[in-house]
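Notes follow once the structure below has been shown.
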Amino acid sequence: MATKNGPENMSEYIRGLLKSDPSRTMSNVVECLAEDYPGYKANKGSLSVGFYTMRKKLGITSGRKARGKSQRKPIKVHRPVSIRGGTITGVRLSIDHLASAAKFVGEVGGFKAAIESVKQVQTVQVR
């Protein structure tokens with residue numbers, strides 16, 4: 001889009017400045033624009049985008065290296081325990097274990113009470 005007192009094509013203007021001197025900075029380009037077109041007020045955001053896009057297209061990079069993607073950490077998946085010959089924390093289950101667990105649940109008065117009693121035993125062992 002042509003403007004009254006600005007460059008005909010901003011990207012061509014920036015490209016020409018960068019080809020003549022690749023070490024130009026953004027502020028240097030703004031100064032050159034103010035010298036060449038004294039009454040023109042450039043939008044700093046648009047000028048900045050055009051400047052860095054042209055640098056990238058021309059292969060002019062800064063001293064910084066681009067940061068690569070970081071490796072994702074593997075997610076711990078809690079898989080359900082299989083009772084068919086499976087193991088729970090390295091202990092092989094047998095029918096005797098299951099029968100004694102069922103007897104314990106019946107004596108305590110239900111699953112919730114059994115879980116609470118096991119938690120109480122764990123806290124006593126830790127302390």
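The values are calculated or read from the model by the stated rules, or taken from the named source; none is laboratory data. The model shown is predicted, which means the values in this text are computed figures rather than measured ones. Because the Cβ atoms are built from the backbone with ideal geometry, glycine has one as well, and the counts that use them run over all protein chains shown.
Here are some notes:
Residue by residue, here is whether (1) surrounded by 11 or more Cβ atoms within 10 Å (Cβ to Cβ); (2) modelled with pLDDT of 85 or more; (3) among the small types (Gly, Ala, Ser); (4) not assigned by TED's automatic domain parsing to the domain that holds residue 101 holds:
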residue: 3; (1), (2), (3), (4): yes, no, no, yes
residue: 33; (1), (2), (3), (4): yes, yes, no, yes
residue: 47; (1), (2), (3), (4): yes, yes, no, yes
residue: 63; (1), (2), (3), (4): no, no, yes, yes
residue: 67; (1), (2), (3), (4): no, no, no, yes
residue: 70; (1), (2), (3), (4): no, no, yes, yes
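- Here residue 122 meets each of (1) part of a helix (DSSP H, G or I); (2) at pLDDT 85 or above with one exception, condition (2).
- Note on the range 11-33: residues that are within 13 Å of residue 48 (Cβ to Cβ) and hydroxyl-bearing (Ser, Thr, Tyr) total 3.
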